[in-house]
Amino acid sequence: MGAHLARRYLWDAEGEPDPLQMPSFPADLGLPGRRPRAMVASAEQLAQGRVPLEQRDFCGHHLLRLLRCHRDNFPVPWACHQLRHAWDSCQ
């Protein structure tokens, strides 16, 4: 579990990144067309949907749909498989 630390301190310190230093390359290196993520669901929608505070992130709109599907199809847990998959892939 600490193999990278052993390599850094015992052998090749130049080849391993320093975990205490910030990277010196730009954040969009290799991804020039990358768009910043934006919230799709508003804070009011997340509050009305009773989404827990720790899950109110960029994937909150997927979670809202999943919770609504669970509520509408209560005794059938496998009915919302596609929505669960969409939420998991966003996470």
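The values are calculated or read from the model by the stated rules, or taken from the named source; none is laboratory data. All figures in this text were calculated on a predicted structure; none of them were measured in a lab. Note that we place each Cβ from the backbone using ideal geometry, even for glycine, and neighbour counts take in every protein chain shown. Side chains are part of the model used for accessible areas, which takes the heavy atoms of the whole protein and leaves out ligands, DNA and RNA. Shrake-Rupley method; radii C 1.70, N 1.55, O 1.52, S 1.80 Å.
Key figures
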quantity: FRET efficiency, 1/(1 + (r/R0)^6) with R0 22 Å, evaluated for D28 and Q48 via beta carbons; calculated: 0.05
quantity: Cleavage-rule hits, chymotrypsin sites (Phe, Trp or Tyr not before Pro), segment 21-91, DSSP coil, Cβ neighbours within 10 Å at most 16; calculated: F58
quantity: Accessible area per residue, Å², segment 13-87 with all protein chains present, probe 1.4 Å; calculated: 85
quantity: For peptides 36-47, 21-32, sequence by mean Cβ density within 10 Å, most packed first; calculated: 36-47, 21-32
quantity: Electrostatic dipole magnitude of segment 17-91 [Cβ: Lys, Arg +1; Asp, Glu -1; Cα centre; debye, to 20]; calculated: 300
